[in-house]
Amino acid sequence: MGKLSVTAVKAATRPGRLGDGDGLYRVVQPGGSKSWVCRVQKHGMRRYLGLDRPSCRMHHRR
């Protein structure tokens, strides 16, 4: 997966996940709220860690 552009992140309105690569996803909820999550795997178990801080820009999350 490639890197997401700022335009694509702002334009995302449909519920689902947008992958940015290396386990970083932009999640859009059915109600329209957006958040960043990071997928990690340890001992065969996947976890999604929330990275919510509205003032943090996309390049800081990478």
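Quick check on M1: is it modelled with pLDDT under 90 and open to solvent by 100 Å² or more (accessible area, probe 1.4 Å)? So M1 passes the test.
Among the residues of the stretch 9-28, the ones that are in a loop (DSSP other than H, G, I, E, B) and open to solvent by less than 80 Å² (accessible area, probe 1.4 Å) come to 2 in all. L49 passes every criterion in (1) modelled with pLDDT under 85; (2) open to solvent by 40 Å² or more (accessible area, probe 1.4 Å); (3) among the hydrophobic types (A, V, I, L, M, F, W, C) apart from (1).
The values are calculated or read from the model by the stated rules, or taken from the named source; none is laboratory data. Bear in mind that the values here come from a model prediction, so they are computed numbers and not experimental data. In case anyone asks, the SASA skips ligands and DNA or RNA and just uses the protein heavy atoms, side chains included. Shrake-Rupley method; radii C 1.70, N 1.55, O 1.52, S 1.80 Å.
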